[in-house]
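A.B. asks: The structure follows.
The values are calculated or read from the model by the stated rules, or taken from the named source; none is laboratory data. None of the values given here were measured: they were computed from a predicted structure. Reconstructed Cβ throughout: ideal geometry from the backbone, glycine too, with neighbour counts over all protein chains shown. These area figures cover heavy atoms from the full protein model, side chains too; ligands, DNA and RNA do not enter into them. Shrake-Rupley method; radii C 1.70, N 1.55, O 1.52, S 1.80 Å.
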Amino acid sequence: MMFQQQKYRGLLRYEPSDEPLLIKRLILEMKPQQMVGKLPCLPATMLFMCLRFLDDINDERRVQSLLTAAISGIRKVIKKQSKDLEIRIFWLSNVTALLTYMKQYSGEKAFLPEDDTLVPFCLNNFDLTDYRLVLNDLSISLYQDAVSIFRARIQHMISGAMLEHGIPGMWPSKPNFSRGKDQSQTYTPSDILAEFNTLMSYMVNHCLDKDIIDQMFKQVLVLINAFMLNNMLLRKDLCHLSRGPQIRYNLSQLEEWCYEKLTRPPDAISQLNPIT
């Protein structure tokens, strides 16, 4: 007896009664730490496989129900974990992946490869343009939240690490003795780079798109540059020629990190030009 091998279609069949459990397992109870080293963007992949199944059976009502529940679930998780940076990177990666799937398999010529290899797998019955707009807005919100949380993590370090930290063996650090300064805590460029490495590990572990990685660090360097300039304008002790080599040395450590870690380091490093 001969068996014909079944052609893989990338569908995930589920019953209407399974939807709440699907959302619970893929979104509400999903732990980013548990997904490290697993299939990249698993929630986005499985959700799109469910959409492909619903497109195959032409069930518009269930498409609306699934996407609405998924988007609401992601927003609920984000709201609950208001200060969690990794959660935002994880869902930013998944939301952008799902958005990419919707574009690639929409059948629109602008998103199809030249060889048309994806045409047989495109959605046949539904136009998800409206949901793509919602997911795009959600990805922007996640991105902005991630930048805001990271800024809060490093902002208190910038003055001490980048403006006051001296070159080892040459210029000693010169702390700011202004009122309200915590004299028990000093920072170095290594402290900021440690935060950079933590953020980068989240991005790599959850397979965030490289263009988004570069863009986020570019924006972080814009914030560092602005904070340094503001502090220099407010403090006369920092506006001195002797500070030049010291500040340049500290900035060079950030630049070196960018060359080692980013896809397009010159674009990010150029954001430091006003201070250099």
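A.B. asks: Which of the residues that make up the range 17-64 are of a type in the set (Lys, Arg), open to solvent by 40 Å² or more (accessible area, probe 1.4 Å) and in a helix (DSSP H, G or I)? Can you show your working first?
C.D. replies: Kept after step one, since they are of a type in the set (Lys, Arg), are these residues of the range 17-64: 24-25, 31, 38, 52, 61-62.
Of the ones still in play, those that are also open to solvent by 40 Å² or more (accessible area, probe 1.4 Å) are 24-25, 31, 38, 61.
If the condition is that a residue be of a type in the set (Lys, Arg), open to solvent by 40 Å² or more (accessible area, probe 1.4 Å) and in a helix (DSSP H, G or I), then Lys24, Arg25, Arg61 are the ones that fit.
A.B. asks: Go through (1) within 25 Å of Ala146 (Cβ to Cβ); (2) assigned to a helix (DSSP H, G or I) one by one and return the number of the condition Thr263 breaks.
C.D. replies: So Thr263 meets the others, but not (2).
A.B. asks: Taking Tyr14 as meeting all but one of (1) over 20 Å from the mean Cα position of the chain (by Cα); (2) exposed (fewer than 15 other Cβ atoms within 10 Å of the Cβ), write down the number of the exception.
C.D. replies: Condition not satisfied by Tyr14: (2).
A.B. asks: Does Gly107 meet the test of being open to solvent by less than 80 Å² (accessible area, probe 1.4 Å) and either modelled with pLDDT of 90 or more or out of contact with any Phe, Trp or Tyr (no Cβ under 9 Å at 6 or more places or on another chain) (or both)?
C.D. replies: Details: open to solvent by less than 80 Å² (accessible area, probe 1.4 Å): yes; either modelled with pLDDT of 90 or more or out of contact with any Phe, Trp or Tyr (no Cβ under 9 Å at 6 or more places or on another chain) (or both): yes.
Considered against the rule, which asks whether it is open to solvent by less than 80 Å² (accessible area, probe 1.4 Å) and either modelled with pLDDT of 90 or more or out of contact with any Phe, Trp or Tyr (no Cβ under 9 Å at 6 or more places or on another chain) (or both), Gly107 comes out as yes.
A.B. asks: Shifting gears a bit: Kindly provide the set of residues from the range 198-245 that are within 11 Å of the chain's Cα centre (by Cα) and not in a helix (DSSP H, G or I), ordered by number.
C.D. replies: His206, Cys207, Leu208, Asp209, listed by residue number.
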